[in-house]
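Chemist: Pasting a structure here, questions to come.
The values are calculated or read from the model by the stated rules, or taken from the named source; none is laboratory data. Quick caveat: nothing in here was measured; it's all calculated off a predicted structure. Cβ sites come from the backbone with ideal geometry, for glycine too, and all protein chains shown count toward neighbours. Just so you know, the surface numbers come from the protein's heavy atoms only, side chains and all, with ligands and any DNA or RNA stripped out. Shrake-Rupley method; radii C 1.70, N 1.55, O 1.52, S 1.80 Å.
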Amino acid sequence: METGHNIVRVSEVTRTFRMGTQVVQALKGVDLSIQAGEYLSIMGPSGSGKSTLFNMIGGLDKPSTGKVYIDEVDIAQLDAYELAWLRNRKIGYIFQTFNLIQVMTALENVTLPMIFAGLSNEEAVEKGLELLGLVGLRERHAHKPNELSGGQQQRVAIARSLANTPAIILADEPTGNLDLSTGEEIIALLKHLSSERGVTVISATHDHKMLAVSDRVVWIRDGRIDKVESRDQLNISVGVISSKEA
Amino acid sequence: MANGRADSAFFDTGGTKISRQVVLPFRKSLEISIKSIRVRFFRSMITVIGLILAVAFLGFVLTGADVATGLLRSGDPELRAVLVKAGYDLPPVGGPGGGAAGAVPEGVATGAKERWIVILSLLVCTVGIVNAQLMAVTERFREIGTMKCLGALDSFVLRLFLLEAGMQGLAGSFLGALLGAATALLAGLARFGTAAVVHLSWGALALTVAAAVGVGFVLSLVGVIYPAVVAARMRPVEAMRVQE
């Protein structure tokens with residue numbers, strides 16, 4: 001695991017949306033550095049600006065003011081082609097609703113980013129099968145998403161996110177549509193990949209199971225970072241939360 | 001651009017220039033669009049049926065004119081009388097005394113009213129295609145957004161939609177043109193007997209079918225341009241917001 005290298009740096013980012021005549025400020029100045037190899041969770045209630053921040057980090061949205069650097073490159077400076085390249089190679093996305101392409105088989109879903117990256121079909125298939133094996137679904141590579149369970153679909157999505165060996169995996173509520181035990185499996189898998197492969201995992205989540213495996217947790221409230229906790233501080237506050245909820 | 005140089009290390013993962021590309025080979029896009037059509041066959045059919053009907057109408061009218069032209073060119077005054085009786089507006093035969101030095105009549109043009117109806121039906125069909133394709137784009141927002149998150153360029157999305165529409169257009173117009181031509185021939189046979197087919201110029205018929213297919217194909221592409229641009233321009237983050 002590399003240390004000291006900032007894979008993502010968010011600097012004084014604000015983001016305003018215009019909703020009809022109203023101007024809504026979703027982010028009100030956020031500073032955050034994420035180190036390579038880190039497992040980071042972004043927590044916050046809905047409407048807190050969590051998703052907005054998450055989209056910024058993923059290069060899916062650009063800040064109104066401030067800068068977002070991915071691997072020390074200002075994403076606002078990138079043109080459409082370079083952004084596509086970034087999404088293709090540097091970042092792997094995992095979504096709450098899995099977002100597999102329904103008309104394609106598991107294997108085709110996993111190989112698609114590799115095809116975009118210019119790999120030949122044979123290379124892509126070989127690597128795709130390997131990745132499906134990594135998530136324990138090699139046998140089911142010919143199945144379409146609707147023939148797979150939610151947990152299996154999310155595994156395929158994880159395999160797909162790893163297709164071009166990205167530096168960052170962005171997981172947006174990866175366990176949001178899964179039951180408790182399946183969610184735990186997915187979290188364990190993500191954690192395993194993070195520590196095994198040194199991939200930076202950044203997840204936006206409501207899921208308190210996610211906290212236990214996170215190196216750091218960023219709490220967002222009302223468009224600002226409320227607090228950042230590292231793992232050793234975390235156990236205490238998790239206890240507080242669960243007692244609050246109980 | 002200044003950042004182009006600054007980013008060279010950023011893009012240089014494999015140590016080779018090639019690694020910077022984002023591509024979708026044509027064969028692969030063809031494969032994906034064929035798959036999409038096959039999976040959504042029913043929806044594709046509905047999109048195409050309007051086109052089939054409009055092109056069939058066009059083919060019917062044009063082939064009808066071909067049949068009439070064939071009859072007229074046969075030079076048989078009896079057939080000419082039949083045509084006039086059938087309501088065709090024929091150019092007057094040569095000069096006075098019928099001594100037009102064997103001048104072959106120009107042929108039978110489609111009537112102005114008929115032409116307008118055909119044009120209108122083609123217009124309506126195009127609007128129908130735009131409508132159906134916009135629906136298809138909306139239905140596939142997430143798929144498009146996901147592809148963009150995986151690194152697809154606008155042009156990939158555009159190409160997929162154009163390919164799909166092109167294939168649908170080609171197949172639909174071909175079916176429509178054949179249907180229209182066949183119906184017109186049958187109608188000709190019923191009206192004028194075998195003379196309709198005997199005097200028909202097959203070259204003209206082939207040309208008519210080709211023209212109808214061409215028109216249908218072009219309309220299908222024209223109809224998909226706006227929906228495809230909408231799809232291609234969509235930002236991935238918007239696609240992610242769409243709930244199932």
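Chemist: What lysines sit close enough to A:Lys227 to cross-link, taking a C-alpha to C-alpha distance under 30 Å and skipping anything fewer than 8 places away on the same chain?
Modeler: A:Lys28, A:Lys50, A:Lys62, A:Lys67, A:Lys90, A:Lys191, A:Lys209, A:Lys244
Chemist: Let me ask something additional. Just counting partner chain Cβ atoms within 10 Å, what average do the residues of peptide B:150-163 show around their Cβ? Numbers along the way, then the final one.
Modeler: Numbers: counts 19, 17, 6, 7, 3, 3, 2, 0, 0, 0, 0, 0, 0, 0.
Partner-chain Cβ atoms within 10 Å, mean over residues of B:150-163: 4.
Chemist: Here's something else I'd like to know. Take A:Asp222, A:Asp207, B:Asp76 and sort them by solvent-accessible surface of the protein heavy atoms, 1.4 Å probe, largest at the top.
Modeler: So the residues, ranked largest to smallest area, are A:Asp222, B:Asp76, A:Asp207.
Chemist: Quick one: which of B:78-89, A:148-159, B:34-45 comes out on top by average Cβ neighbours within 10 Å, and what's the full order, highest first? If you can, show how the numbers build up before the last one.
Modeler: Details: B:78-89: 13.4, A:148-159: 22.6, B:34-45: 15.2.
Top of the packing list down: A:148-159, B:34-45, B:78-89.
Chemist: Given Cα pairs under 8 Å that are at least 6 residues apart, what percent is the relative contact order of the stretch A:26-72? Before the final figure, lay out the partial values.
Modeler: On the way: 20 pairs, mean separation 15.2, N = 47.
In percent, rounded to a whole number, it is 32.
Chemist: If R₀ is 30 angstrom, what is the calculated FRET efficiency for the pair B:Ala190 and B:Val130, using the beta carbon separation as r and rounding to 0.05? Could you put the intermediate results ahead of the total?
Modeler: Values: r = 37 Å, r/R0 = 1.22.
Once the sixth-power term is evaluated, E becomes 0.25.
Chemist: Across the stretch A:185-194, in residue order, what do the Karplus-derived ³J(HN,Hα) couplings come to in whole Hz, using 6.51 cos²θ - 1.76 cosθ + 1.60 with θ = phi - 60° and x for Gly and Pro?
Modeler: 4, 5, 4, 4, 5, 4, 4, 4, 5, 4
Chemist: For the protein assembly as shown, state what percent of all Cα-Cα pairs lands in each successive 20 Å bin, counting from 0 Å until the bin that includes the largest distance.
Modeler: 21, 40, 21, 13, 5, 0
Chemist: Next question, about the same structure. Calculate one ³J(HN,Hα) per residue across the stretch B:159-169 by plugging θ = phi - 60° into the Karplus curve 6.51 cos²θ - 1.76 cosθ + 1.60, and present them in order as whole Hz with x for glycine and proline.
Modeler: 5, 4, 5, 5, 4, 4, 5, x, 5, 4, x
Chemist: Related question: Going 7 Å from the Cα of B:Val198 toward and past its Cβ, which residues in the stretch B:73-91 have a backbone nitrogen under 16 Å from where you end up?
Modeler: It comes to B:73-83, nothing else.
Chemist: Let me see the pair-distance distribution of the stretch A:126-210: every alpha carbon pair, 10 Å bin width, integer percents in order.
Modeler: 17, 53, 28, 1
Chemist: Around A:Ala171, which amide H atoms from residues at least 5 apart in sequence, or from another chain, sit under 5 Å from its own amide H, with H modelled in the peptide plane?
Modeler: The answer is A:Ile94, A:Ile202, A:Ser203, A:Ala204.
Chemist: Right, here's the next one. Please list the non-local residues whose amide H lies under 5 Å from the amide H of A:Ile7, H modeled 1.01 Å from N, same-chain partners needing a gap of 5 or more.
Modeler: Sorted by chain and number, the residues that satisfy this are A:Ile34, A:Gln35, A:Ala36.
Chemist: Let me ask you something else. From the phi of every residue in the stretch B:61-66, what ³J(HN,Hα) in whole Hz does the Karplus formula 6.51 cos²θ - 1.76 cosθ + 1.60 yield, where θ is phi - 60° and glycine or proline is x?
Modeler: Per-residue couplings from phi come out as 5, 5, 5, x, 5, 4 Hz.
Chemist: Using the Kirkwood radius built from alpha carbon pairs, what does the Stokes-Einstein equation give as D for chain A at 4 °C and 1.567 mPa s, in µm² per second?
Modeler: Values: Rh = 18.6 Å.
Result for D is 70 µm²/s.
Chemist: Rounded to the nearest 500, what is the 222 nm mean residue ellipticity of chain A from helices alone, with -39500 (n - 2.57) per DSSP H run of 4+ residues and division by all residues?
Modeler: Taken over chain A, the calculation gives -11000 deg cm²/dmol.
Chemist: Let me ask something else about it. On C-alpha positions alone, give me the angle between the axis of helix A:121-134 and the longest principal axis of chain A, in degrees, nearest 10.
Modeler: 60 degrees
Chemist: Once R0 is set to 60 Å, what does the formula 1/(1 + (r/R0)^6) return for the Cβ-Cβ distance between A:Thr65 and A:Ala142, expressed as a FRET efficiency to the nearest 0.05?
Modeler: Values: r = 48 Å, r/R0 = 0.81.
Computed FRET efficiency for A:Thr65 and A:Ala142 comes out at 0.80.
Chemist: I'd like the accessible area for B:Thr69: 1.4 Å probe, protein heavy atoms, all chains in place, Å² to the nearest 10.
Modeler: Accessible surface of B:Thr69 is approximately 20 Å².
Chemist: Please list, in chain and number order, the residues 5+ apart from A:Gly118 or on another chain whose amide H is under 5 Å from its amide H, with Hs placed from the backbone.
Modeler: Here the answer is B:Val23, since their amide H atoms fall under 5 Å of that of A:Gly118.
Chemist: Can you give the average number of partner chain beta-carbon atoms within 10 Å of each beta-carbon in peptide A:114-122, as a whole number? Don't skip to the answer; put the middle values down first.
Modeler: Values: counts 2, 9, 12, 10, 8, 1, 1, 4, 0.
If you average over the peptide's residues, the count of other-chain Cβ atoms is 5.
Chemist: I'd like the mean, over residues of A:99-108, of how many other protein chain beta carbons sit within 10 Å of each residue's own Cβ.
Modeler: On the way: counts 10, 3, 10, 7, 9, 6, 1, 0, 0, 3.
Rounded to a whole number, the mean comes out at 5.
Chemist: Rounding to the nearest 10 and keeping the result within 0 to 90°, find how far the Cα-based axis of helix A:150-161 lies from the longest principal axis of chain A.
Modeler: The helix A:150-161 is inclined about 90 degrees to chain A.
Chemist: While we're looking at this one, here's another question. Out of all DSSP beta bridges with both ends in the protein assembly as shown, state the antiparallel percent to the nearest 5. Before the final figure, lay out each step's value.
Modeler: Numbers: 24 of 42 bridges.
Antiparallel bridges: around 55 percent, rounded to the nearest 5.
Chemist: Now a separate question. Sorted by mean Cβ packing within 10 Å, highest first, what order do the peptides A:52-58, B:214-220, B:116-122, B:179-185 take?
Modeler: Values: A:52-58: 25.6, B:214-220: 21.7, B:116-122: 14.6, B:179-185: 20.0.
Packing proxy ranking, top to bottom: A:52-58, B:214-220, B:179-185, B:116-122.
Chemist: Still on this model: Could you order A:Ile225, B:Ile225 so the one with the most accessible surface comes first? Probe is 1.4 Å.
Modeler: Details: A:Ile225 45, B:Ile225 90 Å².
Order by accessible area, largest first: B:Ile225, A:Ile225.
Chemist: Calculate, for A:Ser33 and B:Ala210, the FRET efficiency according to 1/(1 + (r/R0)^6) with r their C-beta to C-beta distance and R0 45 Å; round to the nearest 0.05.
Modeler: Details: r = 65 Å, r/R0 = 1.44.
Once the sixth-power term is evaluated, E becomes 0.10.
Chemist: For chain A, modelled as a Gaussian network with Cα springs under 10 Å, which listed residue fluctuates most, A:Leu83, A:Leu211, A:Leu162?
Modeler: A:Leu83
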